[in-house]
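Student: Structure in structure tokens, see below.
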Amino acid sequence: MLENWVVMPTCLPVVLRRCHACASQRFRANGKFRVNANHKLIDAWLLVLCTACGDTAKLTVLERTNVRSVRPDLLDRMHDNDPGLAAELLQDPVLRCRNRIALDWDNAWRLDTGGSDHLDREVIDISVRFAARIPVRPVRLIAEGCGLSRAEVERLIVEGKLVSAVRLSGKLSGDFTFTLKR
Ligand SMILES: [Zn+2]
């Protein structure tokens with residue numbers, strides 16, 4: 001039987017970007033947007049605050065965009081300062097590239113395993129789903145979910161008892177499955 005684990009975001013990730021007011025590199029979105037309409041053109045930004053000095057920086061969401069080409073629900077959500085929209089936008093690689101930011105997901109996610117009943121079986125098949133594209137080391141996830149140390153997980157991989165179609169070394173941010181045989 002296939003078990004399902006989910007990597008869930010618990011809060012917004014830290015936005016990595018240099019602060020122009022202090023030496024910090026860490027910003028947090030508080031879900032607020034600024035929208036400027038000038039005739040038929042719209043500019044919109046997601047606001048982020050420096051975690052050290054509180055200075056506000058603006059991440060471009062829309063730049064001189066014709067109002068008719070903007071989805072009305074997107075405008076509504078920005079006017080409502082929808083924190084869910086901030087989470088969605090930060091996951092957009094185009095927005096990150098355009099604003100030259102990276103994300104730090106440390107302490108901003110958790111692993112839901114649905115309990116540990118399945119862990120004493122001889123063969124365990126587990127599907128891991130990412131509710132957001134959070135880069136995580138599979139070795140760390142499997143260690144946490146199975147109650148093993150990372151060294152034990154790495155030993156199981158070397159011994160061929162822990163197998164997956166994806167490379168389990170390095171980081172992943174997309175769904176994968178693995179099988180653990182003991
Ligand atoms: Zn600062």
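Student: Can you spot a residue in region 78-100 that is at pLDDT 95 or above and within 16 Å of the ligand (Cβ to nearest atom)?
Tutor: The answer is no; no qualifying residue exists.
Student: Condition check: of a type in the set (D, E), within 16 Å of the ligand (Cβ to nearest atom) and in contact (Cβ under 8 Å) with a residue 40 or more places away in the chain. Does D104 satisfy that?
Tutor: Taking the combined requirement at face value, the residue satisfies it.
Student: Condition test on V163, is it in contact with a Pro (Cβ under 9 Å, 6 or more places away or on another chain) and outside the structural domain of N30 (by TED's automatic domain parsing)?
Tutor: So V163 does not fit the description; no.
Student: Within region 108-127, identify whether any single residue is out of contact with any His (no Cβ under 9 Å at 6 or more places or on another chain), away from the ligand (no atom under 16 Å from the Cβ) and within 17 Å of K32 (Cα to Cα), and answer yes or no.
Tutor: Checked region 108-127: no residue is out of contact with any His (no Cβ under 9 Å at 6 or more places or on another chain), away from the ligand (no atom under 16 Å from the Cβ) and within 17 Å of K32 (Cα to Cα).
Student: Which residue pairs have Cβ atoms under 9 Å apart, sit 6 or more places apart or on different chains, and have a first residue in region 1-15 that is in contact (Cβ under 8 Å) with a residue 12 or more places away in the chain and buried (at least 16 other Cβ atoms within 10 Å of the Cβ) and a second that is small (G, A, S) and assigned to a strand (DSSP E or B)?
Tutor: E3/S127; W5/S127; L12/A29; L12/G31; P13/A29; V15/A29; V15/A57; V15/A102
Student: If I ask for residues that are of a type in the set (S, T, N, Q) and either farther than 27 Å from C11 by Cβ or in contact (Cβ under 8 Å) with a residue 40 or more places away in the chain (or both), which ones from region 116-148 would you list?
Tutor: Across region 116-148, the qualifying residue is only S127.
Student: Separate question: Limited to region 54-72, what total is found for residues that are open to solvent by less than 40 Å² (accessible area, probe 1.4 Å) and more than 16 Å from the ligand (Cβ to nearest atom)? First the steps, then the outcome.
Tutor: As a first pass, look at region 54-72 and keep what is open to solvent by less than 40 Å² (accessible area, probe 1.4 Å): 54, 57, 59-62, 65, 70.
Filter again for more than 16 Å from the ligand (Cβ to nearest atom), leaving 60-62, 65, 70.
Residues flagged as open to solvent by less than 40 Å² (accessible area, probe 1.4 Å) and more than 16 Å from the ligand (Cβ to nearest atom) within region 54-72 amount to 5.
Student: Residue by residue through region 137-181, note down the ones that are hydroxyl-bearing (S, T, Y) and at pLDDT 95 or above.
Tutor: Scanning region 137-181 gives S149, S164, T177, T179.
Student: Can I ask one more? Considering only region 146-167, how many residues are of a type in the set (G, A, S) and assigned to a helix (DSSP H, G or I)?
Tutor: Within region 146-167, residues that are of a type in the set (G, A, S) and assigned to a helix (DSSP H, G or I) number 1.
Student: Looking at (1) within 16 Å of the ligand (Cβ to nearest atom); (2) modelled with pLDDT under 95; (3) among the aliphatic types (A, V, I, L, M), which is the only condition L2 fails?
Tutor: Of (1) within 16 Å of the ligand (Cβ to nearest atom); (2) modelled with pLDDT under 95; (3) among the aliphatic types (A, V, I, L, M), only one is false for L2: (1).
Student: If you go through region 32-51 one residue at a time, do you hit one that is open to solvent by 80 Å² or more (accessible area, probe 1.4 Å), among the acidic types (D, E) and either more than 24 Å from the chain's Cα centre (by Cα) or over 24 Å from A132 (Cβ atoms) (or both)?
Tutor: No: zero hits.
The values are calculated or read from the model by the stated rules, or taken from the named source; none is laboratory data. In this text, all values refer to a predicted model and were calculated from it rather than measured experimentally. Heads up, the Cβs are rebuilt from the backbone with ideal geometry, glycines too, and the neighbour counts pull from every protein chain shown. Just the protein is used for accessible areas: all its heavy atoms, side chains included, with ligands, DNA and RNA removed. Shrake-Rupley method; radii C 1.70, N 1.55, O 1.52, S 1.80 Å.
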